[in-house]
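A quick write-up on the structure given underneath.
The values are calculated or read from the model by the stated rules, or taken from the named source; none is laboratory data. Just so we're clear, the structure is a prediction, and the values are computed from it rather than from any experiment. Virtual Cβ from ideal backbone geometry, glycine too; neighbours counted across all protein chains shown.
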Amino acid sequence: MRHGTVGIPPRRLRVGLVVVTAVGLAVAGIGTSVWNARASAEAAPRSAFVRIQDVAPNVRTPQVLPTGSTGVFTVDCGTNGNRKFSPDNPVAQPGVKNGAQHVHDFVGNLSISAESSDSSLEESDTTCRNGDRSSYFWPVVRIDRKANVMAPDVSGTPTVSCPSVAGRLPAVPQQARAEVDRNLALLGQQVAEANQRLAATRGQGGPDFVNNAILGPLRSKRIATLDRIAIAIGRTGPRPTGLESLADCDLSYDGAHAGHAARRTSRGQASTPLAVTPTVNCPTVRDRLPGVPAQALDEVNRNLDLLDKQIAEANQRLVATQGQGGPNFVSNAILGPLRDKRVATLDRIAIAIGRHAARPTALESFAQCALTNGGGVTATPGGASPAPTASPSDLPGVVGPNLEIAGNVGGIVRPASVTIEYRGNAVDRVVPMPKFLKAIVGDAKPTSRGPANARATWTCSGFTDRLSAKYVICPAGSQVMRVHNFASCWDGRNTDSANHRDHLKFADPVTGACPSGTVAVPQLRITIAYDIPRSVQKKGQYQLDSFPEENHNPFSDHNDFANVNSTETMARIAACINAGGRCR
């Protein structure tokens, strides 16, 4: 695979990508007619592919006013050469291991996982050359040369999957323990009621029924309950922030996973097995502690944060040492030392609580960690200890050398290039993004949630004046490309929101102006290019990883971002953009 910048003129890359209404109509058709008629996770049909020459130009750039900003700051974070793949989505589904049910390419932050905290991200190493510790991730593209053969069945009953809350809380004060426990139980009851309604109403309503009648009301209930938990803790301790990011729930199709391990041997194997980077899986501690005396809260919280950082450091070391040592290297050099650190930290937590209340016992039993998401590999030091028990919110991980999961099969294609740009606003100067800002563009589930948030992203090099909601067939010598343009109008207050979208809005597609009540921040654009054989394109044998019910719908393309740029770097990015520069 080739690396570096995409081989097209820079002026093409800098064009503002705003899709006109006609494309929106075509997009809606893809999202609702083709895919709703398909009941099982099968390869994308030939009708999901289009010659790029048959797509009319539909991208235009708003006229830049004298008050606008025209600069571009480019970041080089590589093409995932370190093979950091994961079905986690730390932005949309924090705390849910394997929550995406499809595999992502990750560049930037080396330690990020579903369980990452902001503080652990801040201390991670990165693949970005300028030291940017942000995380950028998107669904992988695969080549499946047996497309439309032995389609896996995912017609089983879906269930509601929500982020775990108990394992993400800070130390709970003694005085708040009972109230917090009541609300945690209520969260469980709300999910149970949603699952009952899901089963009772299966097949009812249109494509938006589940989102509007079940998931939407559940999100509202969870927001209120999470707020009560934060208030209860905040009365006698530091009030937790960001709990609203745990409000959003999704559907899990167990039928997609149930027979997957048996099916995978019938598919084409990767010619060279992928040495996927596994992640560390440790027992949760936050949800195992008793109420903490007020005098011990700060010390316990410091050590809980330290446990998170220790996991992040271990995940980072797994990336940095791939292929090193013998069969016991990971156990002896990573998991063993991690266990020792956790034993010491857990002991400090027990001592801190024990100075003012009954000392908790058996915390050391939570010190042992294991590996997951390693192509089916699970390891513990010496092989003597069992892997940590999965959280109720966890979903099955990847299996086999192709990292297959839930109907996503075939060899993963490494990008030929990834171009990450921070860009200006046609009307205003930009202000720096806040640290730890989370953002999503596109929608992984346009079939079940409707097409409102979905975006056309597919194009070919030399044709970036047009974007398609279908997979593209490019002329000879042209690369398949995906272009993701993030929202860039910030509410000025929040780094995340309950649906992970409300804190950021898109600029007006005609004028480029931000909506009232928002301010312009640097617009993130990520352009991913692939060298996919033209014969594969013409046969319809490349496809996007997706949730099983989306059946590799090209309109389900999406991209996620967590800003971990330093305050100084983000200020430099904004200054470059406002000055009209071209910076790195």
Requested in this report: Report whether or not K470 is more than 25 Å from N425 (Cα to Cα), in contact (Cβ under 8 Å) with a residue 12 or more places away in the chain and surrounded by fewer than 19 Cβ atoms within 10 Å (Cβ to Cβ).
Outcome: no
Query raised in the report: Can you name every residue in segment 108-123 that is closer than 17 Å to E568 by Cα and in a loop (DSSP other than H, G, I, E, B)?
Result: E123
Query - Single unsatisfied condition, T419 versus (1) assigned by TED's automatic domain parsing to the domain that holds I528; (2) at pLDDT below 90 - result: (2)
**Report entry** Search result, residues across segment 56-84 that are closer than 19 Å to G400 by Cα and either more than 28 Å from the chain's Cα centre (by Cα) or surrounded by 24 or more Cβ atoms within 10 Å (Cβ to Cβ) (or both)
**Finding:** K84
Requested in this report: Filter segment 432-470 down to residues that are of a type in the set (G, A, S) and in a strand (DSSP E or B) and give me whichever is farthest from Y422 (Cα to Cα).
Outcome: S468
Report summary line: Here the residues within segment 527-569 that are crowded, with 19+ Cβ neighbours inside 10 Å and among the acidic types (D, E) are D545, E549, E550, D557, D560
Query raised in the report: Pairs under 6 Å by beta carbon, first residue without any contact (Cβ under 8 Å) to a residue 24 or more places away in the chain in segment 350-367, partner part of a loop (DSSP other than H, G, I, E, B) and surrounded by 13 or more Cβ atoms within 10 Å (Cβ to Cβ), six or more apart or different chains?
Result: A350/R359; A350/P360
Query raised in the report: Can you pull out the strands (runs of 3 or more DSSP E) entirely within segment 485-584 that have at least 2 residues that are touching an Asp or Glu at 6+ places or on another chain (Cβ under 7 Å), in contact (Cβ under 8 Å) with a residue 24 or more places away in the chain and not aromatic (F, W, Y)?
Result: 542-544
Query - Single condition D105 does not satisfy, out of (1) part of a loop (DSSP other than H, G, I, E, B); (2) acidic (D, E); (3) in contact with a Pro (Cβ under 9 Å, 6 or more places away or on another chain) - result: (1)
Query raised in the report: So which of G512, G462, G492, G477 ends up being in the same structural domain as V72 (by TED's automatic domain parsing) and under 30 Å from S220 (Cα atoms)?
Result: G492
Requested in this report: Go through segment 500-517 residue by residue and tally those that are more than 25 Å from P90 (Cα to Cα) and crowded, with 19+ Cβ neighbours inside 10 Å.
Outcome: 3
